4 protein chains.
Amino acid sequence: MQRTVSSSLTADVLSPVDLELQVAVARADGLDVDERLEVTLDGAPLQPTELDDPGPSTPSRVHVLRCGPGRLEVRYDARVTGRAAPTPVTGLDATVFRRPSRYGDSDRLAALAVAQLGPGVREDGEGEDPAVVRDRVVAFVRERIAYVSGSSRGTDSAVDSLLMGAGVCRDHAHLVVALLRALGVPARLVSVYAPGLAPMDFHAVTEVLVGERWTLVDSTGLAPRPAMVRIATGRDAADTAFLTTYGGELRLTGMTVLAVVDGDLPVDPTSDDVYLG
Amino acid sequence: MQRTVSSSLTADVLSPVDLELQVAVARADGLDVDERLEVTLDGAPLQPTELDDPGPSTPSRVHVLRCGPGRLEVRYDARVTGRAAPTPVTGLDATVFRRPSRYGDSDRLAALAVAQLGPGVREDGEGEDPAVVRDRVVAFVRERIAYVSGSSRGTDSAVDSLLMGAGVCRDHAHLVVALLRALGVPARLVSVYAPGLAPMDFHAVTEVLVGERWTLVDSTGLAPRPAMVRIATGRDAADTAFLTTYGGELRLTGMTVLAVVDGDLPVDPTSDDVYLG
Amino acid sequence: MQRTVSSSLTADVLSPVDLELQVAVARADGLDVDERLEVTLDGAPLQPTELDDPGPSTPSRVHVLRCGPGRLEVRYDARVTGRAAPTPVTGLDATVFRRPSRYGDSDRLAALAVAQLGPGVREDGEGEDPAVVRDRVVAFVRERIAYVSGSSRGTDSAVDSLLMGAGVCRDHAHLVVALLRALGVPARLVSVYAPGLAPMDFHAVTEVLVGERWTLVDSTGLAPRPAMVRIATGRDAADTAFLTTYGGELRLTGMTVLAVVDGDLPVDPTSDDVYLG
Amino acid sequence: MQRTVSSSLTADVLSPVDLELQVAVARADGLDVDERLEVTLDGAPLQPTELDDPGPSTPSRVHVLRCGPGRLEVRYDARVTGRAAPTPVTGLDATVFRRPSRYGDSDRLAALAVAQLGPGVREDGEGEDPAVVRDRVVAFVRERIAYVSGSSRGTDSAVDSLLMGAGVCRDHAHLVVALLRALGVPARLVSVYAPGLAPMDFHAVTEVLVGERWTLVDSTGLAPRPAMVRIATGRDAADTAFLTTYGGELRLTGMTVLAVVDGDLPVDPTSDDVYLG
């Protein structure tokens, strides 16, 4: 499979800021990525530093830079060949990704999740198949959360989304993540380029640990999972934001995202396990 | 310095649970730890598996085991010689530990933190010394949060603690963590054995990144920092809980914690940078 | 029917406070109340002022007084003969008691309530019978909220209770109130003396407007509704607290509540409409 | 003084709804109101029922009607002559308007309010002058809450507004209300027509009980208080919404508000007590 992805941001930087970007495709065995990241301020090139996550369990690349006042442009282009091998599951994955997180507040949801969708895995010693729990959670979120652009805030957590019954992709993914953790199933958020998504944008989906594999689910159903390309992986959107700034003042003035597959868009295999490749 | 620490838990396990323990002293250069962890069920020994955090930035050890019904006893004893060398600061530390987390919800606190305690680092390009911001935040939390046993819930975040004006050590640490991140300063939570703490218990404190060192603060002021021994390190209490269970049913029936220093308890150097040794 | 109710509070007033008491039986046609309210400070009698709610729709009596330092004792005794006639339904009742309130936060629950228990009244023009919606809501709360003493905080709202899956009588009543309002059915909270309640305490129940009558429900099922005696009526516990203080410092040192029926305790008629008499 | 006010709403009613309107000027001694309220569905007149609040303490008029599918138009016009006499303060006002309410969640804010702005009235027996507390609270809210159109949600409470540091007029009014109650000063919300407001809209302000008078404050400072005309009065925006619907589906398609004074707009007397006339 050949996939072409790109994103560009423009912003007015009013006073110097620390920038963190997560727009580059995650490195993975089996994936050949021919990429270019260009950052300019008033047309002059800037050189971001790439930070690697030291743990293999959350393959993410963060590009950081400090950037004075001016007109900022960020452009990322990548030609992605092949499919990523499954991400190795490390010893702590099952532990870390069952913990509550900022937007995946599974501890607040625990009682409701068990009453509504339980018992979840291992309630009485053996418990349910994580894949069955996963599918039940995804169906519940799909039914309960209407996809409504602009309906949510950056500070909304899974509890907020459940109450509002509406949200965008990150809200879907956070509620799936939180309900799964509340039911004892490790889950994490992945930001992706998603060919076929309309309108095109960065997308957020969920990886669920079933057996020894991170399987991929998307309760929005807005794009075929086999075509998706991983960007950042983490506990929730706090770990995967495409742009974070500290200090100073920056106003985003434009953003475009593009993701296409050579040839026909693959069909989403609704009933089988899917892996992010 | 010689320190002796121990903890013991007893619990009735009513149906099989997955247990995660974080009671063992973190490994560190300069620290010689002679330790023993014993877990028994109805008197018969169980063998937990030790999981290591792969990243050097958050030195934690998690002991996991699956445990059927019965009377559970956990006992950890360690004799700790020397002082830990400073934890290396990895490339992603400054990034990861400025992110909001479940109980360190710095994004919700951001506007209030800047209005109350700002501007924080780098507001206008250069900004304030992180050490000055740190000391201001610690003084604020010390003044605002009364230490009241039993006043908080396990699901309370920094915002809740700020509103209630009361809490225990983890609430102090979460509010310090969240305010610092909101002001652009990386901060994290550390669970410790704390000689001199009264009443004795597990303790939670905060590490703040100043320059290239993780400095140690404790707005409760309940125990001298130079005597503390690191257990687990993470974004907040979700990463450092001494006991987490999934599935099944477990009732904690008893817990004791002990931590002493050979000779005199060191005095807390209130005005200087302190490192967790 | 003859009912005898009483309550007593003792408190240490450390600095002068404004006190508001709602412990006296509400006036009602058909009810003959022979009562006595005694308030003393260090044994000397104090004279509270009785404030009447001007609107007939929320029959409540508030006794207010200002009280200097000392040992406060409040004692209320009443002999209640007869049964109260139905409370008149005024024009604004259906409007005011469908509004969200502090602890009956129906606006936050709206989407979830409709998805879970809807459509509620008049979704498509005619809608469901309010009595059917009421019974469905009561059954849901009974199933979802475990009665656990000490599990909730005074600041918890219906949303909090739903998430925790546990609470006391006021939490039950708040969740019933909030879900009903979210489904378009007016509902309000009533504090009562409840013969048969064990352990004996002040109790909180819900009145639901069905047709032109305020019907009485209690998802805790802890006491027979026909025996209950109304104290205060309002939007939620903010309107019905037995004791509220402003300024100063007061520490409650003791409280007893008593409520009995002459002869046999009536049986709760589980399937029929019940009115607070 | 002569004031002319009007408002109009247009909406598509997709399925039958219960409508509640609060757009009409409140009745008051001293105020001569020549008004007209017209409601049409697909051009045919509808006759709303006017509900009066039975208690004199919260002068509000609610117009209710049931309305089938079609294009709804509501138009209210009033010519207001004279100035309203002060609203009588009834016995329960000081009690009811110190209670926490849905959006004026003073109980959650209590500790922070006292620490930040306290002690408030009567902390140690005599306490502070309510007018001084009021002015301190208004100055605090003015400094802390930036007026940002579209920054808040209908479900936001005072706590949310304090944390976000931004909001619109109702958020300003809710935070003023909640902080005052937390400090022991009765306060309530009033919706008004506000000549001079730009851009013109319904406006929300706060009445604060000082001595025996409800004084008027507005931390937004966006319009002169002497020109304002009272619409609805209540605990918070739950009591004063210009439009509330139950059941069915209604989409607001347009709204205009107009309010002018004959002659020059009065100047806001920033330093003196002001009453809503």
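The set of residues from segment A:245-264 being within 19 Å of the chain's Cα centre (by Cα) and modelled with pLDDT of 95 or more comprises A:Met255, A:Thr256, A:Val257, A:Leu258, A:Ala259, A:Val260.
When each of A:Ser161, A:Ser151, A:Ser191, A:Ser219 is tested for being at pLDDT below 95 and not hydrophobic (A, V, I, L, M, F, W, C), the lone residue that passes is A:Ser151.
In this structure, is C:Thr81 hydroxyl-bearing (Ser, Thr, Tyr), closer than 30 Å to C:Leu209 by Cβ and more than 18 Å from the chain's Cα centre (by Cα)? Working first, answer last.
Details: hydroxyl-bearing (Ser, Thr, Tyr): yes; closer than 30 Å to C:Leu209 by Cβ: yes; more than 18 Å from the chain's Cα centre (by Cα): yes.
When the stated conditions are applied, C:Thr81 passes them.
Set side by side, the residues D:Ala85, D:Ala44, D:Ala78, D:Ala24 differ, and just one is of a type outside the set (Ser, Thr, Tyr) and under 29 Å from C:Pro59 (Cβ atoms), which is D:Ala24. It is to be established whether one or more residues within segment A:119-138 are in contact with a Pro (Cβ under 8 Å, 6 or more places away or on another chain), farther than 29 Å from D:Met164 by Cβ, in the same structural domain as A:Val210 (by TED's automatic domain parsing) and in contact (Cβ under 8 Å) with a residue 60 or more places away in the chain. Checking segment A:119-138: at least one residue is in contact with a Pro (Cβ under 8 Å, 6 or more places away or on another chain), farther than 29 Å from D:Met164 by Cβ, in the same structural domain as A:Val210 (by TED's automatic domain parsing) and in contact (Cβ under 8 Å) with a residue 60 or more places away in the chain.
Given the condition of a type in the set (Gly, Ala, Ser) and surrounded by fewer than 22 Cβ atoms within 10 Å (Cβ to Cβ), answer yes or no: does some residue in segment C:235-243 qualify? Looking through segment C:235-243, at least one residue is of a type in the set (Gly, Ala, Ser) and surrounded by fewer than 22 Cβ atoms within 10 Å (Cβ to Cβ). Does any residue of segment B:193-214 turn out to be closer than 30 Å to B:Gly70 by Cβ, away from chain A (no Cβ under 14 Å) and without any contact (Cβ under 8 Å) to a residue 24 or more places away in the chain? Yes, there is a match, as at least one residue in segment B:193-214 is closer than 30 Å to B:Gly70 by Cβ, away from chain A (no Cβ under 14 Å) and without any contact (Cβ under 8 Å) to a residue 24 or more places away in the chain.
Of everything in segment A:16-38, what is part of a strand (DSSP E or B) and within 14 Å of chain B (Cβ to nearest Cβ)? Give them in sequence order. It would help to see each step written out before you state the result.
Quick first cut of segment A:16-38, residues part of a strand (DSSP E or B) only: A:17-21, A:31-38.
Within segment A:16-38, A:Val17, A:Asp18, A:Leu19, A:Glu20, A:Leu21 qualify.
Applying a threshold of 6 Å to beta carbon distances and a minimum spacing of six or more residues, or different chains, the list of pairs starting in segment C:157-172 at a residue that is within 11 Å of chain A (Cβ to nearest Cβ) and ending at one that is assigned to a strand (DSSP E or B) reads C:Ser161/C:Gly167; C:Ala166/C:Ala146. For segment A:196-215, a residue qualifies if it is of a type outside the set (A, V, I, L, M), over 17 Å from A:Thr90 (Cβ atoms) and surrounded by fewer than 24 Cβ atoms within 10 Å (Cβ to Cβ), and the qualifying residues are A:Gly196, A:Pro199, A:Asp201, A:Phe202. On the stretch given as segment A:138-156, residues that are out of contact with any strand residue (DSSP E or B) (no Cβ under 7 Å at 6 or more places or on another chain), surrounded by fewer than 24 Cβ atoms within 10 Å (Cβ to Cβ) and away from every other protein chain (no Cβ under 11 Å) total 4.
Would you confirm, using the coordinates I've provided, whether B:Val13 is within 9 Å of chain A (Cβ to nearest Cβ), among the β-branched types (Val, Ile, Thr) and touching a Cys at 6+ places or on another chain (Cβ under 8 Å)?
On the way: within 9 Å of chain A (Cβ to nearest Cβ): no; among the β-branched types (Val, Ile, Thr): yes; touching a Cys at 6+ places or on another chain (Cβ under 8 Å): yes.
For B:Val13, the condition - within 9 Å of chain A (Cβ to nearest Cβ), among the β-branched types (Val, Ile, Thr) and touching a Cys at 6+ places or on another chain (Cβ under 8 Å) - is not met.
When segment A:91-101 is filtered for residues that are under 18 Å from A:Arg230 (Cα atoms) and of a type outside the set (D, E, K, R), only A:Phe97 remains.
Going by the conditions given, is D:Val62 at the interface with chain C (Cβ under 9 Å from one of its Cβ atoms), buried (at least 21 other Cβ atoms within 10 Å of the Cβ) and either under 23 Å from D:Gly196 (Cα atoms) or of a type in the set (A, V, I, L, M, F, W, C) (or both)?
Values: at the interface with chain C (Cβ under 9 Å from one of its Cβ atoms): yes; buried (at least 21 other Cβ atoms within 10 Å of the Cβ): yes; either under 23 Å from D:Gly196 (Cα atoms) or of a type in the set (A, V, I, L, M, F, W, C) (or both): yes.
Answer is yes for this residue.
When residues in segment C:218-277 are screened for being more than 14 Å from chain D (Cβ to nearest Cβ), more than 27 Å from C:Pro16 (Cβ to Cβ) and among the hydroxyl-bearing types (Ser, Thr, Tyr), 5 of them pass. Exactly one of these conditions fails for C:Asp77: (1) crowded, with 20+ Cβ neighbours inside 10 Å; (2) at pLDDT 95 or above; (3) away from chain A (no Cβ under 14 Å). Give me its number. If we test C:Asp77 against (1) crowded, with 20+ Cβ neighbours inside 10 Å; (2) at pLDDT 95 or above; (3) away from chain A (no Cβ under 14 Å), just (1) comes out false. Here is a list: B:Asp264, B:Asp273. Which entry is charged (D, E, K, R), exposed (fewer than 14 other Cβ atoms within 10 Å of the Cβ) and on the phi < 0 side of the Ramachandran plot? Exactly one of B:Asp264, B:Asp273 is charged (D, E, K, R), exposed (fewer than 14 other Cβ atoms within 10 Å of the Cβ) and on the phi < 0 side of the Ramachandran plot, namely B:Asp264.
Looking only at segment A:86-109, filter to residues that are closer than 21 Å to A:Ala238 by Cα, in contact with a strand residue (DSSP E or B) (Cβ under 9 Å, 6 or more places away or on another chain) and part of a loop (DSSP other than H, G, I, E, B); which one of those is farthest from the other protein chains (Cβ to nearest Cβ)? Looking at residues that are closer than 21 Å to A:Ala238 by Cα, in contact with a strand residue (DSSP E or B) (Cβ under 9 Å, 6 or more places away or on another chain) and part of a loop (DSSP other than H, G, I, E, B), I get A:Thr87. (1) at positive phi; (2) part of a helix (DSSP H, G or I); (3) not acidic (Asp, Glu): which one isn't true of B:His174, the others all being true? Failed condition: (1).
Sort out which residues of segment B:110-130 are more than 11 Å from chain D (Cβ to nearest Cβ) and at pLDDT 95 or above, and write them in order of number. Scanning segment B:110-130 gives a single hit, B:Leu117. What do you reckon, is C:Ala111 without any contact (Cβ under 8 Å) to a residue 60 or more places away in the chain and not assigned by TED's automatic domain parsing to the domain that holds C:Thr253? When the stated conditions are applied, C:Ala111 passes them.
State whether one or more residues within segment A:29-51 are of a type in the set (Gly, Ala, Ser), closer than 27 Å to A:Thr256 by Cβ and surrounded by fewer than 16 Cβ atoms within 10 Å (Cβ to Cβ). Spell out the reasoning first.
Let us first name the residues in segment A:29-51 that are of a type in the set (Gly, Ala, Ser), namely A:30, A:43-44.
The next check asks that each one be closer than 27 Å to A:Thr256 by Cβ; those that pass are A:43-44.
After this cut, where a residue has to be surrounded by fewer than 16 Cβ atoms within 10 Å (Cβ to Cβ) as well, the list is A:43-44.
The answer is yes; a qualifying residue exists.
Would you confirm, using the coordinates I've provided, whether D:Asp135 is more than 14 Å from chain B (Cβ to nearest Cβ) and outside any helix (DSSP H, G or I)? No; evaluated as a whole, the condition is false for this residue. Can you tell me which residue within segment D:173-191, out of those that are among the β-branched types (Val, Ile, Thr) and under 17 Å from D:Leu276 (Cα atoms), is nearest to the other protein chains (Cβ to nearest Cβ)? Among those residues, the one meeting the criterion is D:Val177.
The values are calculated or read from the model by the stated rules, or taken from the named source; none is laboratory data. Everything numeric here is computed off the predicted structure, so don't read it as measured data. When we count neighbours, we look across all protein chains shown, and the Cβ atoms used for this are built from the backbone with ideal geometry, even at glycine.
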